[in-house]
Amino acid sequence: MTFPPSLADTLAGIILMALTAYVLFAGADFGGGVWALLASGPRKAQQRDVIAHAIAPVWEANHVWLILAIVLLFTCFPPAFSSIAIALHVPLTLMLIGIVLRGSAFVFQSYGGGGGRVFATASLITPVLLGTSVGAVASGAVEHWAGGKWHGFYEGYIAPWVTPFDLAVGLFTLTCFAFLAAVYLTLEAKETELQEDFRFRAIAAGAAVLAMAVLGLAVFPDAPPVDKRIVAVAAAAALGAFWSLWRRRYKWARVVAAVLVTLIVWGWGFAQYPYLVPRVLTISDAAAPRITLELALSAVLVGAVVLLPSLYYLMKVFKGRNAQGSFE
Amino acid sequence: MSDLLAARSQMAVSLAFHIVFACIGIAMPVLMVLAEHRWQRTRNPVYLDLAKRWARGTAILFAVGAVSGTVLSFELGLLWPRFMEVAGPIIGMPFSLEGFAFFTEAIFLGIYLYGWEKVSPRAHLLAGVLVAVGGAASGIFVVIANAWMNTPTGFTLANGTFTNIDPIAAMATPAAFPQTLHMTLAAYAATGLGVAGIHAFLLLRNRTSAFHRAALTIGLLVGAPAAVLQPFAGDIAARYVARQQPVKLAAMELLYETRAGAPITIGPGIKIPYALSLLAFHDPHAVVQGLDAVPRNDWPNVPLVHLSFDVMVALGTYMAVVGLWAGWLAWRKRDYTTRRRFLWALVIATPCGFLAVEAGWMVTELGRQPWIIAGVLKTADAVTPMPGLIVPFTAITLLYCALGVIVAILLARQIKQSPQT
């Protein structure tokens with residue numbers, strides 16, 4: 001990668017940032033649904049209550065990060081969008097159904113319409129499909145489709161993403177979302193016992209993230225190689241996350257958990273650089289004409305001026321005052 | 001069912017479902033803000049109750065709108081990848097701007113719905129205003145993208161490749177102004193009169209309820225002016241269509257032959273002479289292009305486009321009359337909340353706006369066929385190569401039917417719980 005980055009690289013980076021924000025914010029909302037499904041013990045009802053209250057005011061705003069990533073992708077890199085949309089039609093459609101079920105069931109539940117189980121189940125399945133789709137892009141499913149050396153529906157549209165690696169990425173995504181949610185929920189819970197419930201879940205999910213990462217490196221040696229420096233910093237962040245959870249420094253835990261997951265997303269991004277769709281389209285191959293990229297970048301910059309203060313205000317109103325613990 | 005028809009049907013179902021929630025998401029915040037503003041001015045608790053109850057209903061509808069909108073942003077590529085490959089660089093701009101506008105809407109809706117106790121009254125009202133502005137802006141941006149499909153501009157097409165791409169010129173496409181005006185008014189008219197109609201029904205059962213009287217007034221305040229202005233916006237739109245999309249106009253008006261002094265066909269054998277030339281060009285002798293100007297293969301589904309158009313016009317006319325009636329009663333300072341005939345007319349108007357919106361979209365989308373980008377790319381050439389598209393079509397249809405039923409039940413419950421006094 002050159003410095004300063006090209007216009008196309010910059011926009012690809014912005015899309016990756018939008019995806020990262022989606023993972024950090026909306027991912028945690030999905031993770032919350034997982035913990036609602038797995039709620040257990042004497043404080044089962046309170047756990048679900050905390051989760052619902054944490055998600056309610058922010059999930060729709062958090063969800064828009066995905067829409068932003070998608071519109072920027074089809075504006076700035078149209079052939080990448082269309083080839084992914086063709087090759088991964090099936091998992092993406094299933095993911096959309098999951099998104100619709102999760103969102104509507106959650107709001108139905110909030111307004112007394114039931115649907116708690118649908119909300120929780122969709123929260124479990126949707127991240128797996130999202131992760132599987134990302135894994136499929138990274139591992140060359142689109143190349144398989146574009147190569148055209150396949151016969152029939154199964155070989156063309158199912159087999160490319162139903163691979164051990166892609167499904168493993170799906171499960172890994174789910175685990176990361178659950179980990180983030182549990183860490184954030186330690187700050188949403190007001191009673192110490194409830195905090196302990198989520199602390200325990202955060203440590204368990206963090207251990208699962210770590211185990212899956214190590215196991216993944218061993219089982220899939222052909223996976224796109226992640227930059228060693230990113231791995232080193234991520235390992236430090238993981239240690240930091242365990243340490244702060246152990247010492248009940250929840251605000252620190254939130255920061256390092258977010259850093260850890262950010263590094264995982266960016267590790268994937270850099271691993272496939274300069275390809276946007278591995279082995280099919282590089283960032284510069286897929287880029288729209290310069291005028292489109294310039295206008296998109298201007299829209300992002302102007303949009304950010306409106307968006308970032310608004311988001312900060314939203315988070316301050318709903319996540320500032322309730323927060324327990326402190327930076328000690 | 002062919003894959004092309006399945007893809008078109010899936011897109012139609014997704015849009016027809018989403019547009020109802022999108023209209024409500026644009027207009028309901030205005031009603032909520034008006035109610036809250038009156039509460040802050042008058043301290044009459046009825047208005048606070050109203051703002052809070054409307055906010056609860058809006059929360060459900062907005063959420064379904066947000067997720068069904070996400071489905072659409074993906075479906076553009078899942079169903080029409082070749083279209084997005086061509087159109088993305090040209091009309092990605094309004095979609096990106098829509099992304100930011102919708103973001104603003106979602107952020108401040110969260111603050112509005114859950115921040116009653118957490119932010120100052122002034123900040124809360126301002127959040128509501130921002131939701132309304134964000135909603136209107138995102139609707140306008142999306143409609144601009146659609147307008148471009150009807151009257152594509154901002155590129156040069158030579159030997160199948162698109163050069164000289166100019167996204168700003170694409171956004172300034174001729175159809176943008178009439179379509180965004182017509183659609184924005186439609187959202188306010190449909191939602192305003194829809195709300196007024198529901199409360200009119202409840203007033204008929206309970207004449208003295210201050211709650212429903214207040215609700216009726218605010219609904220009319222938004223819906224009636226929009227409904228009265230809509231025929232004028234429709235006239236502007238029709239004249240643009242006559243010039244820019246003559247085939248669509250010919251299908252709308254069942255005009256098979258190009259002729260001067262063209263009539264309007266209302267029913268079999270019933271024609272108003274010169275009316276079409278007069279309406280489309282404001283000149284009774286103007287030449288109007290008929291369907292004979294293009295080969296048969298390039299005709300849209302003429303009977304369906306014509307029927308949809310007439311349904312839209314009939315519903316819109318009825319709503320404009322009800323809107324004028326409301327204006328007349330208000331001007332004469334009559335108490336319209338006790339006039340049974342007027343209240344019944346409003347009850348009948350409740351679904352009319354939404355049905356008109358659906359019919360209007362059928363006119364503009366079916367009327368453009370067989371093109372996905374008018375004159376540039378055929379719908380059949382844009383569809384995904386994936387086979388078996390009837391499966392996702394069926395799945396999405398069943399999903400939306402179920403959601404529609406649940407939303408209706410939840411809203412009916414909300415309405416039943418509304419105060420009796």
Fill in the blank from the handout: So, first residue modelled with pLDDT under 90 in the stretch B:268-293, second residue outside any loop (DSSP other than H, G, I, E, B) and acidic (Asp, Glu), Cβ within less than 8 Å, six or more apart or across chains; the pairs are B:Leu279/B:Asp235
Exercise for the section: Residue by residue through the stretch A:171-197, note down the ones that are crowded, with 24+ Cβ neighbours inside 10 Å, modelled with pLDDT of 90 or more and of a type outside the set (S, T, N, Q). Expected result: A:Leu174, A:Cys176, A:Phe177, A:Ala178, A:Phe179, A:Leu180, A:Ala181, A:Ala182, A:Val183, A:Tyr184, A:Leu185, A:Asp197
Practice task
Please go through the stretch A:67-124 and pick out each residue that is within 24 Å of A:Val162 (Cα to Cα), out of contact with any strand residue (DSSP E or B) (no Cβ under 8 Å at 6 or more places or on another chain), at the interface with chain B (Cβ under 9 Å from one of its Cβ atoms) and not aliphatic (A, V, I, L, M).
Solution key: A:Phe81, A:Ser82, A:His89, A:Thr93, A:Arg102
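Condition check ((1) surrounded by 24 or more Cβ atoms within 10 Å (Cβ to Cβ); (2) touching a Cys at 6+ places or on another chain (Cβ under 7 Å); (3) within 23 Å of A:Cys176 (Cα to Cα)) across all residues:
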{"site": "A:Pro5", "(1), (2), (3)": "no, no, no"}
{"site": "A:Asp9", "(1), (2), (3)": "no, no, no"}
{"site": "A:Gly13", "(1), (2), (3)": "no, no, yes"}
{"site": "A:Ala18", "(1), (2), (3)": "no, no, yes"}
{"site": "A:Ala21", "(1), (2), (3)": "no, no, yes"}
{"site": "A:Gly33", "(1), (2), (3)": "yes, no, yes"}
Exercise for the section: Read through the list (1) in contact with a Ser or Thr (Cβ under 8 Å, 6 or more places away or on another chain); (2) of a type in the set (A, V, I, L, M); (3) touching a residue at least 60 places away in the same chain (Cβ under 8 Å), then give the number of the only condition that A:Ala208 fails. Expected result: (3)
Problem - the stretch B:387-416, residues that are in contact (Cβ under 8 Å) with a residue 24 or more places away in the chain and over 16 Å from B:Met11 (Cβ atoms) - result: B:Pro387, B:Gly388, B:Leu403, B:Gly404, B:Val407, B:Leu410, B:Leu411, B:Gln414, B:Ile415
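For every residue, the table says whether it meets (1) surrounded by fewer than 24 Cβ atoms within 10 Å (Cβ to Cβ); (2) within 11 Å of chain A (Cβ to nearest Cβ).
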| position | (1), (2) |
| --- | --- |
| B:Met93 | no, yes |
| B:Arg122 | yes, no |
| B:Leu130 | yes, yes |
| B:Ile140 | yes, no |
| B:Ile144 | no, no |
| B:Ala169 | yes, yes |
Exercise for the section: Just give me the residues in the stretch B:104-153 being farther than 24 Å from B:Leu48 by Cβ and without any contact (Cβ under 8 Å) to a residue 24 or more places away in the chain, in sequence order. Expected result: B:Thr153
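Let's see how each residue does on (1) within 24 Å of B:Glu253 (Cβ to Cβ); (2) within 19 Å of the chain's Cα centre (by Cα); (3) not in a helix (DSSP H, G or I):
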| residue | (1), (2), (3) |
| --- | --- |
| B:Ala330 | no, no, no |
| B:Phe342 | no, no, no |
| B:Leu346 | no, no, no |
| B:Glu358 | yes, yes, no |
| B:Thr364 | yes, yes, no |
| B:Ala380 | no, no, no |
| B:Thr384 | no, no, yes |
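Condition check ((1) out of contact with any Pro (no Cβ under 8 Å at 6 or more places or on another chain); (2) under 26 Å from B:Asp381 (Cβ atoms); (3) surrounded by 13 or more Cβ atoms within 10 Å (Cβ to Cβ)) across all residues:
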site: B:Ala238; (1), (2), (3): yes, no, yes
site: B:Gln245; (1), (2), (3): yes, yes, yes
site: B:Leu249; (1), (2), (3): yes, yes, yes
site: B:Pro263; (1), (2), (3): no, no, yes
site: B:Pro273; (1), (2), (3): no, no, no
site: B:Leu278; (1), (2), (3): no, no, yes
site: B:Asp292; (1), (2), (3): yes, yes, yes
site: B:Arg296; (1), (2), (3): yes, yes, no
Problem - Pairs, first charged (D, E, K, R) in the stretch B:339-358, second assigned to a helix (DSSP H, G or I), C-beta under 6 Å, six or more apart - result: B:Glu358/B:Ala16
Exercise for the section: Inspect the stretch A:287-294 for any residue being aliphatic (A, V, I, L, M), within 19 Å of the chain's Cα centre (by Cα) and at pLDDT 90 or above and give the result as yes or no. Expected result: no
Exercise for the section: Specify which of the listed residues (A:Gly27, A:Gly41) is touching a residue at least 12 places away in the same chain (Cβ under 8 Å), more than 7 Å from chain B (Cβ to nearest Cβ), buried (at least 22 other Cβ atoms within 10 Å of the Cβ) and among the small types (Gly, Ala, Ser). Expected result: A:Gly27
Practice task
Provide a single number: the residues in the stretch A:52-65 that are facing chain B (nearest Cβ under 7 Å) and in a helix (DSSP H, G or I).
Solution key: 4
Completion exercise
Of the residues in the stretch A:176-213, those that are in a loop (DSSP other than H, G, I, E, B) and small (Gly, Ala, Ser) come to A:Ala189
Handout entry: Among the candidates B:Met149, B:Met93, residue that is assigned to a helix (DSSP H, G or I) and touching a Lys or Arg at 6+ places or on another chain (Cβ under 9 Å)
Key = B:Met149
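The values are calculated or read from the model by the stated rules, or taken from the named source; none is laboratory data. These figures come from a predicted structure and were not determined experimentally. Please note: Cβ atoms are built from the backbone with ideal geometry, for glycine as well, and neighbour counts cover all protein chains shown.
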